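Chemist: Quick one: the structure is below, and I'll ask about it shortly.
Please treat every number below as a calculation from the coordinates, not as lab data. In this text, all values refer to a predicted model and were calculated from it rather than measured experimentally. Glycine gets a Cβ as well: all are built from the backbone with ideal geometry, and neighbour counts include every protein chain shown.
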Amino acid sequence: MITWVVIMFVAFFSLLMLASVKSYQKNRSSQEFMLAGSNLGVFLGFMTFSAALFSAFTFQGMPDFFRQNGIGAWIFLAFSDGAMVFFILWFGRKLRRKAREKGFKGVAGLMTECYGTRWAGYALFFSSFLFLIPYAAIQIRGISVFFDAAFPQFLPRWGWSLILVVLMILYAEIGGFKAMVYSDAIQGTILLVVLWLIAGTCIHKLGGLQSMFDQVAAAEEQLLSCPGPNKLFNWQFLLGSLIAVVMIPVTQPQMTTRLVVMKNLRAMKKMAYAVGIFAILVIMATIFIGMYGAVRYPAATAQEFWSKALLYDQLAPVAGLAMVGLFAACLSTTNSQIFALGNELRSMLPGHEKRVMFITKIFLFIFAILVMIFASLMGDQIALLARVSFTGTAMIAPIVLSGVISRHKPGKELIVISFIALAVFLASIAGLVPSQVGPLQLDILLYLFTFGATAISLLVRRYADGKRPDALTTQ
Amino acid sequence: MKNSKLLWRLCVAAAILIIILTFSPLVIAPGKTTPSLFGMPYTLWVSILTTIALVVLTYLGSKVLPDEEEDNQ
């Protein structure tokens, strides 16, 4: 297997270097470096969006989620992604219109313009920072656990993390956003191919689809229906996940930015349904890997399951490609998150271009270090940790949604509402507030509160502004 | 233009209906595994179909949603 791992990594790094050289230009403006000139075509746009969305969380977290909690994991992510791509059609159009009116350097900067106060930008940056750092750390954690299982005692886990973080920083600082887009295209292709190669092997080893599900039923029948053996997939959990996932393009700046940098609306719309098709294909493969794990490794730890199902039960070339695929997925997703944080910071920094770029690059480095520290502290429940990250960022959705869709200047009360929701959600993670209030889960309650309050605020302001002759001058 | 708006609203209504159906006992009925399709349990294959339906709606929506922005510039 080692030979194949080396061959695949040499091929992968050669492609990355090619992408870096192709995208490297001296004296790039910060707009060119951070947003690739906002001129992405359909293929690169769809691949970079998909690669930023699907990561180690999909590669490792989803098979494990299916294995432990059953087929409801499909609704948790794939169905939610289907709803998200539909939502992108509507939201992306509004977002691009607003970005054209106000200018776009980053979402935080755009919100500062929309609200006329820097607090809107700070709120967005704060929530992104708070949840993207742990989310990026999930990827690093996933890969370090996986490589540690594949090559025990070769390096400590933090050693694998360090290698990835150093590569990530080098690649991002040299190539910029354009290089990341190319690496995303490479990663997306590898991810799709390798997941189906592994899934095909899993189906074959269990004697076909019918036989696979028969064996799952014999092992643990509750895996084949909702809410699953751990009673996780009740309607509230699934609905909360749907809202959090649908809000990803609104609240996660690496995704929002990818809607704006498409070269035109037509390309963005094509990108939306292409991402939907990609999501179905990728997540479908993880069902079969998870079901295979439920039959063969029902009591194994996540680490044992990953190393056996993704590596040791596979042919050597597939195992080699799996290692590269996971590494690539991790690299591109983490890069996009760190880069997005840098871009959000840049969008709020005043001053000369060179100074702004210098500060941004320093902070890219600092963010990467923070990610590494988090990665060494967190657990292995990758899918659930990702959901916490999605839900946390979704609490800030009213700010961005109102800023983007409202033709009137949104009220500052929306910033306060989002902060209250965010604070309560953080308190619930810390165990200071119960995660269930009466019959409702806390996240559902917070969504009701934030979206309800946002609707009221927008309606009241629309009514009040309708009486003012200068009502729409903020556009 | 008027037709496009109507068709887009129909797409939105259909998407909302699919989401409601998927979160109803019609799809996520506790413990329901039959009828199966290609060996897949009921909730799985039906939710795969509803996901495909959402992506098809996204395709249809992309055709009817007006393109009035920068494309015309």
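Chemist: Are there chymotrypsin sites (Phe, Trp or Tyr not before Pro) in the stretch A:130-190 that DSSP marks as loop and that have at most 12 other Cβ atoms within 10 Å, and which are they?
Modeler: Here the chymotrypsin sites (Phe, Trp or Tyr not before Pro) that fit, given the DSSP loop and packing criteria, are A:154.
Chemist: Beta carbons within 10 angstrom, averaged per residue: use that to sort the peptides A:56-65, B:35-44, A:341-350, A:204-213, highest first. Each step should come with its number before you reach the end.
Modeler: Numbers: A:56-65: 27.7, B:35-44: 18.1, A:341-350: 22.4, A:204-213: 15.7.
Ranking the peptides A:56-65, B:35-44, A:341-350, A:204-213 by packing returns A:56-65, A:341-350, B:35-44, A:204-213.
Chemist: Determine which lysines satisfy two conditions relative to residue A:263: a Cα distance under 19 Å, and not lying fewer than 8 residues away in the same chain.
Modeler: Excluding near neighbours in sequence, the set is A:94, A:98, A:102, A:105, A:178, B:63.
Chemist: So, how do all the Cα-to-Cα distances of the stretch A:235-370 break down into 5 Å bins, in percent, from 0 on up?
Modeler: Here the calculated profile for the stretch A:235-370 is 2, 8, 10, 14, 16, 15, 14, 11, 6, 3, 1, 0.
Chemist: Using a 7 Å offset from the Cα along the Cα-to-Cβ direction at both residue A:170 and residue A:151, what is the distance between the two label points in nm, to one decimal?
Modeler: For residue A:170 paired with residue A:151, the spin-label model returns 1.4 nm.
Chemist: By per-residue mean of other Cβ atoms within 10 Å, what is the highest-first order of A:190-202, A:90-102, A:238-250? Write out the running numbers ahead of the final one.
Modeler: Details: A:190-202: 20.8, A:90-102: 19.1, A:238-250: 23.2.
Descending mean neighbour count gives A:238-250, A:190-202, A:90-102.
Chemist: Taking the alpha-carbon centroid of each part, what is the distance from the stretch A:110-146 to the stretch A:149-180 in angstrom?
Modeler: One Cα centre to the other: 21 Å.
Chemist: Using a simple charge model, +1 on the beta-carbon of Lys and Arg, -1 on the beta-carbon of Asp and Glu, nothing else, what dipole does chain A show about its Cα centre, in debye to the nearest 20? It would help to have the intermediate numbers written out before the result.
Modeler: Values: 37 positive and 20 negative charges, 410 e Å.
With only Lys, Arg, Asp and Glu charged at Cβ, the dipole is about 1960 debye.
Chemist: Summarise the partner chain shielding of A:64-75 as one whole number: the mean count of Cβ atoms from other chains within 10 Å of each residue's Cβ.
Modeler: 3
Chemist: Between the stretch A:383-419 and the stretch A:250-304, what's the alpha-carbon centroid distance in Å?
Modeler: Here the answer is 23 Å between Cα centres.
Chemist: Using the basic label-point model (7 angstrom from Cα toward the beta carbon), what is the residue A:365 to residue A:209 distance in nanometres?
Modeler: Rounded to a tenth, the inter-label distance reads 5.3 nm.
Chemist: I've got another one for you. Show me the ranking of peptides B:51-62, A:436-447 by mean Cβ neighbours inside 10 Å, starting with the highest. Mind dumping the intermediate values first?
Modeler: Values: B:51-62: 21.6, A:436-447: 16.6.
Order by mean packing, descending: B:51-62, A:436-447.
Chemist: Provide the convex hull volume over Cα atoms per residue for chain A, in Å³. List each step's numbers first, then the result.
Modeler: Values: hull volume 63.1 nm³, N = 475.
Given the Cα convex hull of chain A, per-residue volume reads 133 Å³.
Chemist: Please list the radius of gyration and Dmax for the stretch B:2-64, considering alpha-carbon atoms only, with Å as the unit.
Modeler: In order Rg, Dmax, the Cα atoms of the stretch B:2-64 give 14.2, 46 Å.
Chemist: Grab the beta carbon distance between residue B:7 and residue B:29, set R0 = 30 Å, and tell me the FRET efficiency rounded to 0.05.
Modeler: Working: r = 33 Å, r/R0 = 1.09.
Plugging the Cβ-Cβ distance into 1/(1 + (r/R0)^6) gives 0.35.
Chemist: Taking each residue in B:14-23, count the Cβ atoms of any other chain within 10 Å of its Cβ, then average. What number comes out?
Modeler: Details: counts 1, 6, 2, 0, 4, 8, 0, 0, 8, 7.
That average works out to 4.
Chemist: When A:361, A:105 are ordered from fewest to most other Cβ atoms inside 10 Å of their Cβ, what list results? Intermediate values should be presented prior to the final figure.
Modeler: Values: A:361 16, A:105 23.
Sorted ascending by nearby Cβ count, the order is A:361, A:105.
Chemist: What is the fewest-to-most order of A:435, A:50 by other Cβ atoms lying within 10 Å of their Cβ?
Modeler: Details: A:435 11, A:50 29.
Exposure proxy ranking, most exposed first: A:435, A:50.
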